[in-house]
Amino acid sequence: MDVYQIDDGFHSDGGTETPPPSPSSGSSIASASDHGSLESVDTGGTQRLAVLSFEQVRKLHDVMDEKVAIHGRGNFPTLEVPLKDLVNMVRRKLEADVSVGGAGVIVKDVRLNGGAASHVLASEDQPYNDLDLIYAIDLTSTRHFDRVKSAVLNTLLDLLPEGVCKRRIMPCALKEAYVGKMVKVNNNNDGDRWSLISLGNSPGHKNVELKFVDTMRRQFEFSVDSFQIVLDSLLVFYDCAALPISENFYPTVVGESVYGDFQEALYHLQKKLISTRQPEEIRGGGLLKYCNLLVRNYKPVDPQHIKTLERYMCSRFFIDFPDINTQTKKLEAYLSNHFWGVDEEPLQYQYLMHLREVVEMSTVCLMGHERRQTMLLIQNLATNVLYKEQKKQQQAQEQYQQQQQQ
């Protein structure tokens, strides 16, 4: 399990991090929805908010109703639970009193963001690797961080199947079994206060990333990953409604783009366009995410300006990952987490070629030998990926020939 604590440094753990909720908006906004498309809500000049259509609410319901599998290490069993139930269980633990294993904090709202939110909003199929959830809470003291961690571990304890002697299971054992990554950010310089607990330890499966956010300065990497969907009205609907969701009976659900303009960000998502600003504010510069978008045939909104931004991306990446060891670890983890499955693994080689080109053309902050080291690292990773892919194809061909001979 990876554990990070950032008290006075940069505020994020890199390309897999996703934006926090905007403190200026809540889940109480309501508006009538037309069933064909999003309805924008003007919030003073920029339309950050929009009401989801029925089709989008239906897709959101499908995501929330699907069972998630939290795989455990060793002898710990896989925990299976519908996402909507997990969201509610964590919320109840956060709001429960400390004396009964809760965190004793008020949850302002709960949001779905990242790839799953983009999947809900996009008109075409949008694959996603993880389920990213944001709980807006108060994290004004170190004690709050510790209580949040305890609340999540107690939720995992409650999910263990009947017959397990839960009293004998220590929190540290649960953490090692089910938590893949923990990040704690309490930055006194810029006021960032948030934490992340990633549930799941099995490569090739969707992890559940729980983010607990008080404040966060940088709220997105690119416009296409800036969407957040407020879940509170849907969760209330599940608790209160006797009838299932239908075109004539469904809750008002609000989405937000923390990029700024919801319709502009949605247009970028639908048309597969790349737009960002100040990438030097992003941990890792957004470089790895940028190349991920390129390999999926996204195109820059402004091809000329993106060349300037590429230099900022590379500079920030090499500030955050200055030596070859940290670069190797980061790249290997990114490939493993973002390119798995029969459809995704073949993209690894193309991804590394995009990365190689951007680093070669836009890196201005490295010494000559440092640049050569990084280029060699990318080339070696690409060679290994290509070898593995060719070996798989050869094995598949041999199996096919054996079947034909039988």
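Every number in this text was worked out from the coordinates using simple rules, so none of it is lab data. In this text the structure is predicted, and so the values were computed from the model without any measurement.
Observations
- Short-range pairs are left out: with C-alpha atoms under 8 Å and at least six residues apart, the relative contact order of the chain is 19 percent.
- Hull-based mean projected area of the chain, where the convex hull spans the alpha carbons, in square nanometres: 23.8 nm²
- Of all DSSP beta bridges in the chain, antiparallel share, percent nearest 5: 75 percent
- The alpha carbon centroids of region 132-202 and region 66-103 are separated by 10 Å.
- Three semi-axes of the equivalent ellipsoid, region 272-406, Cα gyration tensor, whole Å, largest first: 32, 18, 12
- Candidate aspartates and glutamates for bridging to Lys299, where Cα separation is under 16 Å - those fewer than 8 sequence places away on the same chain excluded: Glu221, Asp225, Glu264, Glu310, Glu357
- When the Gaussian network model of the chain links Cα atoms closer than 10 Å, the mean-square fluctuations of Asp85, Asp239, Asp323 top out at Asp239.
- Relative contact order of region 272-406, defined on C-alpha pairs under 8 angstrom at six or more residues apart (%): 25 percent
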